[in-house]
Amino acid sequence: MPASSSTGEAFDRWVADHVAVLYRVAYRLLGNGHDAEDVVQDAFRSAWTSRHLYDRSRSERAWLLAILRRRVADHWRRRETREVAAGADLDRPARAEADPFGDELSATMQAALDKLPPELRETLLLVVVGELTHQEAADLQGIPLGTVLSRVSRARSRLRGFLLDPAPSTNGHALPGHEHSSRHD
C-alpha cells in the first residue's frame with residue numbers, strides 16, 4: 001500500500017479510485033448486481049487485511065483485480081455448494097433485475113458476453129472493463145502475453161459474430177428450408 005501519514009486514508013483513496021471498475025468487472029463476470037456488490041466488498045476486505053503484502057511494482061488496480069478474481073472464484077464455489085444442497089430449488093426462475101450499466105452495455109451485449117468461454121470473457125473484461133494493460137492481464141492470469149492478445153482478439157471476434165448474426169449457430173449446417181441439393185447421379 002502506498003506510503004501515507006494514514007494507512008486508512010490511503011486505503012480510502014484506493015476504494016474511491018477503483019471501486020467503480022471492480023464493480024463493473026464483478027457485475028460482468030457474475031451477471032448480478034447484489035452478488036457483484038458482495039464480491040467487491042469481500043475483495044476490499046481482503047485487500048485491507050493483506051495490505052502489507054502489496055507489491056509496489058504492480059499497479060494498484062492489477063493487485064485489486066487479482067484479489068477480485070479470487071473472490072469471484074470463491075463465490076462460484078460457494079454457489080455450487082449451495083446449489084447441490086438446495087436441490088429442486090434451482091428450478092425457480094431468477095428474479096430479473098435492471099442492469100446498472102444498461103446505458104453502457106446493453107442486455108444484448110451481456111448475453112453475448114455470457115456466450116463466451118470463461119477464459120475469453122475474463123481476459124476481455126480485465127483488459128476492456130478493468131482497464132489493465134495486456135501485460136498486466138497476462139501477469140494477473142499467469143499466462144503469456146501472446147495468450148492474452150489472442151484471447152482478447154478471439155473474444156472480440158466472437159462478440160462481433162454474436163452481435164451481428166444473432167441467429168442460432170448451425171455449426172455449418174444449412175437451416176431448415178435452406179438445404180442445397182447436390183445430387184451427383
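Since every read-out is calculated from the coordinates, none of them should be taken as a lab result. Remember, it's a predicted structure, so these values are computed and weren't measured experimentally. Heads up, the Cβs are rebuilt from the backbone with ideal geometry, glycines too, and the neighbour counts pull from every protein chain shown.
Listed peptides 67-74, 146-153 appear in the order 67-74, 146-153 once ranked by packing, highest mean of other Cβ atoms within 10 Å at the front.
Net charge of the neighbourhood of GLY130, taken over other residues with C-beta under 9 Å away and scored Lys/Arg +1, Asp/Glu -1, is 0. Label separation (ASP165 vs ASP17): 4.4 nm, computed from points 7 Å beyond Cα along the C-beta direction.
Please give the contour-minus-distance gain from ARG156 to GLN135: 0.36 nm per residue of separation, less the Cα-Cα distance, rounded to one decimal in nm.
On the way: separation 21, 0.36 × 21 = 7.56 nm, distance 1.78 nm.
Length gained, ARG156 through GLN135: 5.8 nm.
Each Lys or Arg adds one and each Asp or Glu takes one away; over the other residues whose Cβ falls under 13 Å from the Cβ of ILE67, this sums to +3.
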